[in-house]
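Remarks on the structure that follows.
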Amino acid sequence: MEKRKKVTILTLQAMKERGEKISWLTSYDYPTAQFAEAARVDMLLVGDSLGMCVYGYESTVPVTMDQCIVHSEAVRRAAPTAFVMGDMPFMSYQKSDENAVANAGRFLKEAGVDAVKLEGGVRVISRIKAILDAGIVVCGHIGLTPQSSGQLGGHKAQGRTVESAKLLIEDALAIEQAGAQLLLLEAVPPEVAGFITDKLSIPVFGIGAGADCDGQLLIVSDLIGQFQAFTPKFVKQYANIAEVITGAMSEYIRDIKAGTFPASEHCYHMLKGEEEKFKQLVKKYE
Ligand code: KIV
């Protein structure tokens, strides 16, 4: 297959302008990111969802910058041509503009990502501007924002009333005006997402936001059937890797118990002519 050119922010903007849909997946580790690169996904997000999908936490809140950097660096190495984005974890940008710039900068310096994402609309505009002033590409994230799900009363869809839809539109406009080059809408009605996508000139992505966005994001652990705790309504599961892995492990255990593994072909046999000498050696110990 022909080698792909690196996907950049200009590639994504051009895709929006010609109406070509953009594919986006989360990824947290080297092997999965290699598969995604081979499948030619346009973008990868090293989401703070890694807290739930990889570390088994109950929410994304405990995730640290150091964890995000380690996973982003592995994904970057595995996917050299995809557009890789680091996700700013809880309390990596909430304290101050300076704190936000320092942590966004770590993503670029230590992990080599192409952009960073942070949750929030109007209330994080000064953070977005500060990160942009440091020369870093920023993606906004509004709608269901898991880091502040306590304030939202849980993991609830947003924009389902006109009043709430208006707030989302105001957030989206403010994010674009601040200079962010990308926007993600999570768990938002398709008519609201479609309106925002048309209204904004930057690429707008949806996860649980209908088909009218410029691109779609899914959590890879949901797509491949690896995340077991729950399945959000917006997920389409394309494979059941949990079944495949558990099946393989059960078979391995059965083989051990039955003595059928390892078989002769899995053994390092003695070199030619050494077996006879070995038999003599064994006799000496009898
Ligand atoms: O961390 C993540 O994967 C995300 C998506 C749920 C949007 O932020």
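Each reported figure results from applying straightforward, stated rules to the coordinates on display, with no laboratory input. Just so you know, these numbers come straight off a predicted model, no measurement behind them. Every residue, glycine as well, gets a Cβ built from its backbone with ideal geometry; the counts of neighbours run over all protein chains shown.
About its Cα centre, the chain has a charge dipole of approximately 420 debye under the convention of +1 per Lys or Arg Cβ and -1 per Asp or Glu Cβ, with nothing else charged. Restriction of the chymotrypsin sites (Phe, Trp or Tyr not before Pro) in the stretch 251-286 to DSSP coil positions whose beta-carbon has at most 12 other beta-carbons within 10 angstrom yields Tyr268, Tyr285. When only DSSP loop residues count, what trypsin sites (Lys or Arg not before Pro) in the stretch 216-255 have their Cβ near at most 14 other Cβ atoms within 10 Å? Sparse-neighbourhood loop trypsin sites (Lys or Arg not before Pro): Lys233, Lys236. Annotation note: GluC sites (Glu not before Pro) in the stretch 1-54 located in DSSP loop regions with a Cβ neighbour count of at most 10 within 10 Å are Glu2. Within the listed set Asp255, Asp42, Asp222, the Gaussian network model of the chain (springs between alpha-carbon atoms below 10 Å) gives the highest mean-square fluctuation for Asp255.
Projected onto planes of every orientation and averaged, the convex hull of the alpha-carbon atoms in the stretch 244-283 covers 4.2 nm². For Arg40, Arg106, the sequence from fewest to most other C-beta atoms within 10 Å is Arg40, Arg106.
Here, the stretch 9-239 yields an orientationally averaged convex hull projection of 11.1 nm² when only Cα atoms define the hull. Sorting Leu271, Leu184 from the fewest to the most surrounding beta carbons within 10 angstrom yields Leu271, Leu184. Across the chain, the relative contact order, built from alpha-carbon pairs under 8 Å that are at least six residues apart, equals 14 percent.
Between the alpha-carbon centres of the stretch 264-285 and the stretch 172-213 there is a gap of 69 Å. Percent of Cα pairs in the stretch 6-99 per distance bin of 5 Å, from zero to the largest separation: 3, 14, 22, 19, 17, 14, 8, 3, 0. Each part gets one Cα centre, and for the stretch 97-163 versus the stretch 20-88 those centres are 16 Å apart. Protection proxy ranking of 162-175, 238-251, by the mean of other Cβ atoms within 10 Å over each peptide's residues and highest first, is 162-175, 238-251.
Screening the chain for whole DSSP H helices of 15 Å or more along their axis (Cα) with average Kyte-Doolittle hydropathy at least -1.0 returns 65-78, 97-111, 162-178, 241-258. Modelled spin labels at Gln228 and Ala14, positioned 7 Å past Cα toward Cβ, are 4.5 nm from each other.
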